Amino acid sequence: MVETKYKKQLIPYIDFRREYQSYKNEFDQAYFRVMENGYFILGNEVLEFEKEFADFCESKFAVGLGSGLDALILCLEAWGIGIGDEVIVCANTYIATAFAASRLGAVPVFVDVHTKTFNIDVDLIEAAITERTKVIIPTHLYGQMADMEAINSLAKKYNLKVLEDAAQAQGARQRGEICGTHSDAVAFSFYPTKNLGAFGDAGAVTTNDPLLYDKLLYLRNNGSKTKFYYDYIGYNSRLDEIQAAFLKVKLKHLSKWNETRNYLAGIYNTGLKGLENIILPSVEEFNESVWHVYCVRILDSKRDELINFLKAKGISTNIHYPHPVHLQNYYQDLEYGLGDFPIAEKLAGEILSLPLSPFHSEEEIIQVVNTIKLFYKEN
Ligand SMILES: Cc1ncc(COP(=O)(O)O)c(C=O)c1O
């Protein structure tokens, strides 16, 4: 018998089995539909999902892809970004944001984040722009969008493209508008943990630009739109039919799931309020977060102790991200060092992601709150 990867935890950080069990019939139907159709690459499931996801994002086009990393790379490639170009990214993000630029030979230029939102500090972007800058990639971290009004106005001033990394922000809103059309292109990941996650790797780009849309259709399919005719060097980065079928099921529930996340985040906000050594997440008044991650700052250098305390009580947590991108081994050659992005570096030592998903109960969140309070009572 194959051993399961899941260990028994009282309160898991995430547990996909809960999701499957809650919607088993819908997922099983989607699975059997694809198997019985016997069609697995770029068929109707993908077409339908693309249409539904574009509608959800209120965008003209959506292109299903193999991953969020590919969504970023293919947009940059479609715009001709490569050697000699600079791409602005924030210093507290998942590595893929920077790797997308590096993969094409461009240089990621890091910008520090804001202590309040942990998103790119828009006041620091202008100083990072040079004549080689071509694109700004803001990451909408933890479910809250970076300030697109400020970013777009800088992009306009310097004639730059903007590519949103919305891997963590499906359904987020800014100034009332849903994430998916605030800029030239928006890259999504459907990695299983995301608010809209596949049961495997998947991603997408939304855009209102018909030229970009068309180019992405080529690039994801070995540079071809007509079988055996190749117009570009492309990638094999197609969204699978089976994943599209699962994503169609999940998309129907996404808004409700995001509401549940918001509700559970509210329980954390109220329950943890007033604890001296914890800074709670802060959402700008013009944003509606979809709470991909509920991330607190632990100020008293007791993060490891708290993690172990929670673990001993069966509660698992995470750190997004423990080691800033500019300090990763791969980027040694860029000669960034400790102290270059003080906020991102400070956050890396303080942040802690608490369990939060639509499949956690109110009681579980209250239990996490009470266990954290107990820790501070005893320590
Ligand atoms: C902010 C961010 N960007 C990009 C990615 C890359 O997505 P994927 O894992 O689908 O390639 C992720 C996912 O982990 C992410 O969180």
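Go through the residues of the stretch 235-248 one by one and say whether even a single one is part of a strand (DSSP E or B), buried (at least 16 other Cβ atoms within 10 Å of the Cβ) and away from the ligand (no atom under 16 Å from the Cβ). Please lay out each step first, then the result.
First, the residues of the stretch 235-248 that are part of a strand (DSSP E or B): 236, 238, 240.
Going one step further and asking which of them are buried (at least 16 other Cβ atoms within 10 Å of the Cβ), we end up with 238, 240.
Filter once more, so that each one left must be away from the ligand (no atom under 16 Å from the Cβ): none.
Looking through the stretch 235-248, none of the residues is part of a strand (DSSP E or B), buried (at least 16 other Cβ atoms within 10 Å of the Cβ) and away from the ligand (no atom under 16 Å from the Cβ).
Screening VAL290, VAL296, VAL369 for residues that are assigned to a loop (DSSP other than H, G, I, E, B) and modelled with pLDDT of 95 or more leaves exactly one candidate, VAL290. Within the stretch 291-300, does at least one residue satisfy the condition of being surrounded by fewer than 17 Cβ atoms within 10 Å (Cβ to Cβ) and more than 30 Å from ARG33 (Cβ to Cβ)? Looking for residues that are surrounded by fewer than 17 Cβ atoms within 10 Å (Cβ to Cβ) and more than 30 Å from ARG33 (Cβ to Cβ), one finds at least one in the stretch 291-300, hence yes. Within the stretch 189-204, can you find the residues that are of a type in the set (S, T, N, Q) and near the ligand (Cβ under 9 Å from one of its atoms)? Listed by number, the residues that qualify are SER189, THR193. Considering GLY349, GLY337, the condition of being part of a loop (DSSP other than H, G, I, E, B) and either touching a helix residue (DSSP H, G or I) at 6+ places or on another chain (Cβ under 9 Å) or in the same structural domain as GLU259 (by TED's automatic domain parsing) (or both) is satisfied by GLY337 alone.
Please work out if ALA146 is touching a strand residue (DSSP E or B) at 6+ places or on another chain (Cβ under 6 Å), part of a loop (DSSP other than H, G, I, E, B) and either within 12 Å of the ligand (Cβ to nearest atom) or modelled with pLDDT under 95 (or both). Judged against the criteria, ALA146 is a match. Pairs linking a residue in the stretch 279-294 that is closer than 22 Å to LEU254 by Cβ to a residue that is outside any loop (DSSP other than H, G, I, E, B) and of a type in the set (D, E, K, R), with Cβ atoms under 6 Å and 6 or more positions apart or on different chains, are GLU288/ARG173; TRP291/ARG261. Every test in (1) over 16 Å from ILE41 (Cα atoms); (2) away from the ligand (no atom under 13 Å from the Cβ); (3) free of Cβ contacts under 8 Å to residues at least 60 places away in the same chain is passed by PHE228 save one, and that test is (1). Looking at the stretch 149-178, which of its residues are within 16 Å of the ligand (Cβ to nearest atom) and closer than 21 Å to TRP79 by Cα? Matches in the stretch 149-178: ILE151, VAL162, LEU163, GLU164, ASP165, ALA166, ALA167. Of the residues making up the stretch 211-223, none is touching a residue at least 60 places away in the same chain (Cβ under 8 Å), touching a helix residue (DSSP H, G or I) at 6+ places or on another chain (Cβ under 8 Å) and within 30 Å of SER353 (Cα to Cα).
The values are calculated or read from the model by the stated rules, or taken from the named source; none is laboratory data. Source: prediction; values computed, not measured. Note: ideal-geometry Cβ built from the backbone for every residue, glycine included; neighbour counts use all protein chains shown.
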